[in-house]
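Reviewing the structure listed below.
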């Protein structure tokens, strides 16, 4: 597929850049199709960095792509079913850690998309805006789920109902994102984190991602049992043996994902 609305840079650290800066990288059907195609080409990538071009990360759905004239009816559930839900489900289940590089405003489904990343680094000038209530909608694309679990009911309710912008510095203080950094440090901080993760044991990172993302579904005893099973499985891997050997030999380990 030829990409018209995204930039795709494959490699050990793969980058997907939403590339409709004139529309604050809002999603059209074409962009959804291109992102889906790119996610299917990650191959042996160790890390995925998701970001936006220009002054914004993502403004969510491009309303012009599903324009509603006065009196016209459109099935928004179809858009969610066919595009937004598959996207965030893919991000949640990809084996690779996903770094959200939030370079500017993340609004509506764009804010939900940012929260769907595993680790979020945001520029100090960035803001997260729940813009759904202003047009009579709800935080979709996993928004209500992530907001409530990250922030608690009171803050989730306030942000969702009022649509007040949440500055990235406050988002970090509240636990919505991993880090807020100065704008001119965004690239270096993101690159350093991506390089660190790319050099770590990929099987272990995949297991960590899965455990933490699914822990809400289990009791404490069930979690202990699953931890035991994962420790047993990972303890038999070549990467674990390499990690221990490198530690004892005081050298840098090389992990192969086996």
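Quick look at the values:
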quantity: Geometric extent, Cα atoms of the chain - Rg, Dmax (angstrom); calculated: 19.3, 72
quantity: Gaussian network model of the chain, springs between alpha carbon atoms under 10 Å - residue of 171, 192, 126 with greatest fluctuation; calculated: 192
quantity: Degrees, to the nearest 10: 186-198 long Cα axis against longest axis of the chain; calculated: 40
quantity: Gyration tensor over alpha-carbon atoms, the range 39-190, equivalent ellipsoid semi-axes in Å; calculated: 24, 20, 15
quantity: Protection proxy ranking, peptides 176-186, 240-250, average beta carbon neighbours within 10 Å, highest first; calculated: 176-186, 240-250
quantity: Mean Cα-pair separation over length for the range 1-124, i.e. relative contact order, pairs under 8 Å, 6 or more apart, %; calculated: 26
quantity: Calculated [θ] (222 nm, deg cm²/dmol) that DSSP helices of n ≥ 4 give over the chain, each run adding -39,500 (n - 2.57); calculated: -12500 deg cm²/dmol
quantity: Dmax and Rg, reported as Rg then Dmax, of the range 202-249 (C-alpha, Å); calculated: 12.6, 40
quantity: 0 to 90° range, to nearest 10: angle between helix 220-235 axis and the chain longest Cα axis; calculated: 60
quantity: Cα centroid separation - the range 108-169 against the range 222-252, whole Å; calculated: 36
quantity: Globularity ratio of the range 161-258, using Cα Rg and 2.2 N^0.38 Å; calculated: 1.44
quantity: Label-to-label distance, nm, for residues given as residue 258 and residue 134 (7 Å Cα→Cβ offset); calculated: 5.4
quantity: Rel. contact order, % - alpha carbon contacts under 8 angstrom, at least six apart, the chain; calculated: 15
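No lab work stands behind these numbers, since they all come straight from the coordinates. What you are looking at is a predicted structure, and each value in this text was computed from that prediction instead of being measured. Glycine also receives a Cβ, built like all others from the backbone with ideal geometry; neighbour counts cover every protein chain displayed.
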